[in-house]
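Working notes, structure below.
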Amino acid sequence: MKHAQNLQRRKRYFVQTAATILAVLLLASACSAQANPQGQAPAEQWTQELNKKYPGLLEEFGKLINKIQQSVQFPEGRGESRLLPLLPEETMSYGALPNYGETASQALKVFRQELVDNAVLRNWWQHSEAATVGPKVEDAVEKFSQLSQYLGEEIVFSGAMEGRDPKFLMVAEARKPGLKKFLQGMLDALPGKSKAGVRVLDLQELAAAKEKKPSEELLILVRSDFVVGALDVATLRKFNVRLEGKSRGFAGTPFGQRIVQEYKGGVTVLAAADLQTILKQVPPGPPQEQMTFQRSGFADMKYLVWAHKSVGGQEVSQAELSFTGPRHGVAAWIAKPAPLGSLDFVSPKAMMAGTMVLTSPAQIFDDVREIATASNPNAFAALTQAEQVLKLNLKEDLLRQLGGEITLELDNIAPPKPEWKAILKVNNVNRLQQSLNTLLTAVHFQTEQADDGGVTYHAVKIPSAKGAVEIEYAFVDGYLVVGSSRDVVADAVRLHRTDESLGKSKKLQASLPAGHAPEASGLLYQDPIAMAMLQLRQAGPQMMQSLAQMAGKNAPAVMRWYGEETAIREASKGGALDAGVILVVAAIAIPNLLRSRMAANEASAVGSVRTVNAAEIVYATKYPKKGFAPNLASLGPDPRGPNADSPEHASLIDATLGNASCTAGVWCIKSGYNFRLTAECTQQPCKDYVVVATPVDSNTGTRSFCSTSDGVIHLKQGPPLTTPVSAGDCRAWLPLQ
């Protein structure tokens, strides 16, 4: 039963990867529209375009992801590695992945069956831009699945240094014969330039191989028992000798033993770095920089290890940054785990919240001053002068009054006023209030206060160029609560008193990784859907509903870290941070697809302007009595047929740009841009012209372009043009570089 549950949990990771690929294809197909209706958001237009062309697609897409999640099986966690002992003793970095080939094959099978059974998905896949990209994705997944059948259950990567040259190795067990032939067949199918970067060798070919420049190509050695990848012949030969000698040295090194320990409990994905060895490879800098680095405490870093594994029946992601001795300096700022009381003021509807427990704000101030003044003795001179004027000591009057626990919460960033709050633990409320009064009086900020329900609320007006900005603060049960408004602070007080806060919520408690206490040194919480909405606010409810289906339940993404004497550890439940992966990818992908479309539109516009310039030269040569063509229609195709031409329709540009309706004063649309051509013809022949390309709206481009008879293309940043541009105006714009 536990085994089945573990496999079910692991499905989430591949499903979200598949969802990412499919989502990108879906969004790419939506980008086929060339122009947006005036004032309409691009993402909203994409959604409407999809609904119009492929009704019901978004809902069916979410159902597809659910089917993949229910059907795909995942590799089991590995309690040991047969490949790790084979690595060189000097290995400094290590990575290990399971063989996901069978998982990929199962997902592809489900997808293909769904294309057969589901007419909506099939229509989109066959008739949108996915019809071009999709088969390539299918073929890539198919090839990956076939390749995986030749490999063992684990693929290991390692890095080392030989002098100043990095050495890379990739190792996997060979499961069956025929791998060399299969790899060579894959290479032969690639375009000419691509296949030149990979060379597949057997043992005989390795012995005769000639060395090329390091990193110029990937060398793959196929043996009967192992397949090995490297970036140079010498590394490949050296490792081959190790395999022949059955060396097991790395497992006996301290770094190797640390990695072996991490496999216990069942590892899915693992990465590690020997930071001490890596730091020794870095050339020493100036003495002052070396001293500063030593004082920071990070010169004592030992290992960095990250793993996704099963702990107590839960899928957990955990990391460890260890040190050679007790943490000190900046590395010691993170305190030991403690109750996070400030979370009792945080809303369970928060978009994002972060908590940190610091050792001592006053000690941190001393560390910063020591590091800064080591390189610049006058670094704090201005602060000292300010303290004298204000009659306030930053360290003693402010920082020493803080307990070290700090929480920041973001609820909403929508204009006109974002909603946020900060909660700080306080050692001495009266002393801190007195210091704040002194500071606010000295800087002449207006303050007001009001009592409500036993709490004193302080309003502070901060002058700014756009008008005064008001914030509120209050002291409650040993905490200072600061917020963007009175309502925000009052709500924090209410949450604290009614136990309805995020800190007491079931979803936060459920996010606690197995084997960890509620106390922590820090916590980062985020609502994945709310975070995605930051960039997808205009995508439309159907798009967000589909993305939410792909992400599964709206589980919070929660990371916790723990400060120990000689290490800093991080842990999160396996599903926590991964629940919003597809939403984050979409939030990044949609704006970037928009920018890519805008860049493509601008490039197309510049190309069209160049085409018009070339056509004008031909026109003026062909019809010298006319001079330059007066409009785009004069350069376009003749309605009488492809072999006809005249001064009114010279057939020098295509019909999209040179339509018969594109006469003087008329804008013609192509690839998200409006085009217009006018000529200066005070007398025959026309001596000059100006061609202008301006975006249809701000969603299709941000720059306008123009050119005249001199052939130079000029640009102007800003909103779309609404008034005519003369040849003189055009030449005053910046030239396109």
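Of the residues in segment 122-143, how many are of a type in the set (Ser, Thr, Tyr) and part of a helix (DSSP H, G or I)? Even if it seems obvious, please write down each step before you answer.
Pass one, segment 122-143, residues of a type in the set (Ser, Thr, Tyr): 128, 132.
Narrowing the set further to residues that are part of a helix (DSSP H, G or I) leaves 132.
Number satisfying all stated conditions: 1.
Condition (residue is closer than 20 Å to His328 by Cα, buried (at least 16 other Cβ atoms within 10 Å of the Cβ) and modelled with pLDDT of 85 or more) applied to segment 258-274: is it met by at least one residue?
Taking segment 258-274 and keeping what is closer than 20 Å to His328 by Cα, we get 274.
If we keep only those that are buried (at least 16 other Cβ atoms within 10 Å of the Cβ) as well, we get 274.
Next, only the ones that are modelled with pLDDT of 85 or more stay: 274.
Within segment 258-274, one or more residues are closer than 20 Å to His328 by Cα, buried (at least 16 other Cβ atoms within 10 Å of the Cβ) and modelled with pLDDT of 85 or more.
Among all residue pairs at least 6 apart or on different chains, which show Cβ distances below 7 Å where the first residue, located in segment 511-535, is assigned to a loop (DSSP other than H, G, I, E, B) and the second is modelled with pLDDT of 85 or more and among the β-branched types (Val, Ile, Thr)?
Ser511/Val558; Ser521/Ile334; Ser521/Val357
So which of Leu734, Leu652 is exposed (fewer than 14 other Cβ atoms within 10 Å of the Cβ) and modelled with pLDDT of 90 or more?
Only one candidate passes the filter, namely Leu734.
Do the conditions hold for Lys349, that is, is it under 25 Å from Lys506 (Cα atoms) and surrounded by fewer than 16 Cβ atoms within 10 Å (Cβ to Cβ)?
Yes; evaluated as a whole, the condition is true for this residue.
Among the residues of segment 661-685, what is the count of those that are over 24 Å from Glu602 (Cα atoms) and touching a helix residue (DSSP H, G or I) at 6+ places or on another chain (Cβ under 8 Å)?
2
Do we find that Ala414 is of a type outside the set (Ser, Thr, Tyr) and modelled with pLDDT under 85 in this structure?
Taking the combined requirement at face value, the residue satisfies it.
Hey, can you tell me all the residues within segment 306-324 that are touching a helix residue (DSSP H, G or I) at 6+ places or on another chain (Cβ under 6 Å) and farther than 17 Å from Gly77 by Cα? Talk me through it step by step, then tell me what you get.
Restricting attention to segment 306-324, the residues satisfying the condition of being touching a helix residue (DSSP H, G or I) at 6+ places or on another chain (Cβ under 6 Å) are 307, 310, 313, 315, 323-324.
Phe323, Thr324 - these are the residues of segment 306-324 that are touching a helix residue (DSSP H, G or I) at 6+ places or on another chain (Cβ under 6 Å) and farther than 17 Å from Gly77 by Cα.
Of all residues in segment 74-95, how many are in a helix (DSSP H, G or I) and surrounded by 19 or more Cβ atoms within 10 Å (Cβ to Cβ)?
Qualifying residue count, segment 74-95: 2.
I want to confirm something. Restricting to segment 221-258 and keeping residues that are in a helix (DSSP H, G or I) and among the polar types (S, T, N, Q), which single residue is farthest from Asp165 (Cα to Cα)?
Among residues in segment 221-258 that are in a helix (DSSP H, G or I) and among the polar types (S, T, N, Q), the one farthest from Asp165 (Cα to Cα) is Gln257.
Which of the residues that make up segment 418-451 are basic (Lys, Arg) and surrounded by 16 or more Cβ atoms within 10 Å (Cβ to Cβ)?
Lys421, Lys425, listed by residue number.
Out of all the residues in segment 659-673, which are buried (at least 22 other Cβ atoms within 10 Å of the Cβ) and either of a type in the set (S, T, N, Q) or free of Cβ contacts under 8 Å to residues at least 40 places away in the same chain (or both)?
Cys662, Ser671
Taking only segment 253-288 into account, find how many residues are without any contact (Cβ under 8 Å) to a residue 40 or more places away in the chain and of a type in the set (D, E, K, R).
Final tally of qualifying residues: 1.
Sort out which residues of segment 456-487 are buried (at least 16 other Cβ atoms within 10 Å of the Cβ), of a type in the set (Val, Ile, Thr) and at pLDDT below 95, and write them in order of number.
Val460, Ile471
For the list (1) of a type in the set (A, V, I, L, M); (2) under 27 Å from His444 (Cβ atoms); (3) surrounded by 13 or more Cβ atoms within 10 Å (Cβ to Cβ), I need the number of the one condition that Val389 fails.
Condition (3) is where Val389 drops out.
The values are calculated or read from the model by the stated rules, or taken from the named source; none is laboratory data. Treat the numbers as computed from the prediction; the structure is a model and nothing was measured. All Cβ positions, even for glycine, are placed from backbone atoms using ideal geometry, and neighbour counts span all protein chains on display.
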